[in-house]
Every structure is written in C-alpha cells, then in structure tokens.
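To start, the structure itself, in structure tokens.
The values are calculated or read from the model by the stated rules, or taken from the named source; none is laboratory data. Because the structure is predicted, anything quoted here is derived from the model rather than measured. The protein model used for the area step is the full one, side chains on, heavy atoms only, and it has no ligands, DNA or RNA in it. Shrake-Rupley method; radii C 1.70, N 1.55, O 1.52, S 1.80 Å.
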Amino acid sequence: MILISYAGKKPLLMKESLYRRIVRELAQQILSGQYPVGSLLPTEMALCEHYQVSGHTMREALRDLTEQGLIRDARGQAHKWLTKRSMKG
C-alpha cells in the first residue's frame, strides 16, 4: 500500500498497482544478490504463475526493470539477463 497525505485532510491509502509491486519485489531480489549478475531470471511464464498475473502485466514490469538498467532483454530467449548495474547498491 502507498500512503498519500494531503495537508489538513485525512491520509488516503491507494493500492499499489500489480506491476509496480512486481517491479519493487524483483528489484529488491536483484539488488540483494538473490539473482547474481549474469544469471537468468525465471521465464516470463513462470513469473506470471508465481505472481498470478497476465503476460501483459509481467511484460510491463520487465520493461520497467529493463528501463531502470537492472535487467537486459535477451532477445529470442525466454529469459532476462541481469546486468552489472544490479551490483550497485
């Protein structure tokens, strides 16, 4: 959940979008070393099953992680490679 506060009013709780939650969780796993540099992430299908989301939602999350420089798209393969940037803390 994300807490949004407005001056003089009660705070509102907004539900974090599914793809943002996935991005946050995978980024934490990458940066913590759970997925070492050069290793492969689980397949997109396996990630969809794990997070119980559609392929569209997972692709959106993986695209975001790619744009952040945490993973590299391995064209023509079902996996995403981790980049050296993931070593930076």
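Annotations for the structure displayed:
- For Arg24, the accessible area of its heavy atoms, probed at 1.4 Å with every protein chain present, is near 100 square angstrom.
- Per-residue SASA entry for Val37, accessible area with 1.4 Å probe, Å² rounded to 10: 60
- Once all protein chains are placed together, Ser17 keeps about 50 Å² accessible to a 1.4 angstrom probe.
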